[in-house]
1. Please report the net charge: other residues with Cβ closer than 10 Å to the Cβ of Pro34, K and R +1, D and E -1.
2. For a quick check: sort Ser180, Ser27, Ser89 by the number of other beta carbons within 10 angstrom, fewest at the front.
3. Please build a GNM for the chain, connecting alpha carbons under 10 Å apart, and tell me which residue among Ile98, Ile44, Ile18 fluctuates the most.
4. Classify the range 1-66 from the C-alpha gyration tensor, please: rounded if a/c falls under 1.5, else prolate or oblate depending on whether a/b exceeds b/c.
5. For the range 93-126 and the range 159-173, what is the centre-to-centre distance using only Cα atoms, to the nearest Å?
6. For the chain, what does -39500 (n - 2.57) per DSSP helix run (n ≥ 4), summed and divided by total residues, give at 222 nm, in deg cm²/dmol to the nearest 500?
7. Could you state the angle between the C-alpha long axis of helix 125-138 and the longest principal axis of the C-alpha atoms of the chain, as a value from 0 to 90 degrees rounded to the nearest 10?
8. On a 26 Å Cα-Cα criterion, which of the cross-link pairs Lys36/Lys69; Lys36/Lys187; Lys161/Lys187; Lys145/Lys187 come out too long?
Amino acid sequence: MIQEIIVTTTNEDGSTHIAPMGIREESGLIVIAPFKPSATLENIQRNKSAVINRVDDVRIFAGCLTGRKDWPLVPTEKIETQRLAAALSHLELHLERIEDDELRPRFYCKQIVEINHRPFQGFNRAQSAVLEAAILVSRLHMLTKDKIEQEIEYLTIAIDKTAGENERVAWAWLMERIESYRQESTKEKIV
Ligand SMILES: Cc1cc2nc3c(=O)[nH]c(=O)nc-3n(C[C@H](O)[C@H](O)[C@H](O)COP(=O)(O)O)c2cc1C
């Protein structure tokens, strides 16, 4: 099973890097697999640590994909870095080993500590729709125009029926990005 979370890591200048990633568990270890090149990859390699933030505020996923990375942070407990203030729970990880790959290395990490901050409120279809749209935005150049339009049309149903304020804001940021991609593609065709 893959779980979509936000990884926080420390940059070389001491600032905190935030990135959505899909993680999974293998033999008791957490596997993080960033595509090269990646700031998350470099930070984990250098610091031998990372933090997994489980969030239900989908604005953070959509924000990271649309250049809004300034989310409130608080210090972590055992390893020296920061986590998202919005995390429902977080895991602090120590890097155990790397399985290198030209495209997508795999970082096997050991859990040092897990802390709960707020209860999970239940599944929400609009939150899932925002995650799907965020992944779509991260792959726009690999998809056909028709595929993009079909996906958006389908995902809009869950947004219209079940979104709260955070989901609407996140959706609007992603749709803004898709709209500028549509316009860029039209311009390219004219040129
Ligand atoms: C839900 C979601 C899951 C993602 N999972 C991954 C992942 O597992 N690996 C990856 O390299 N990028 C993933 N991405 C895209 C990255 O968040 C994005 O490309 C980011 O810029 C990674 O590069 P960075 O480490 O330099 O920030 C995901 C994006 C979303 C929205």
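1. Local net charge: +2.
2. By the 10 Å Cβ count, ascending, the order reads Ser27, Ser180, Ser89.
3. Ile98
4. Working: a/c = 1.72, a/b = 1.04, b/c = 1.65.
Oblate is the answer for the range 1-66, as a/c is 1.5 or above yet b/c matches or exceeds a/b.
5. Here the two parts' Cα centres lie 26 Å apart.
6. Numbers: 5 runs with 74 residues, N = 191.
One gets -12500 deg cm²/dmol as the mean residue ellipticity at 222 nm.
7. 90 degrees
8. Values: Lys36/Lys69 20 Å; Lys36/Lys187 29 Å; Lys161/Lys187 34 Å; Lys145/Lys187 14 Å.
Where the Cα-Cα span goes over 26 Å, the pairs concerned are Lys36/Lys187; Lys161/Lys187.
Only the coordinates and a few stated rules stand behind these numbers; no lab work does. Not measured: the values here are computed from a predicted model. Cβ sites come from the backbone with ideal geometry, for glycine too, and all protein chains shown count toward neighbours.
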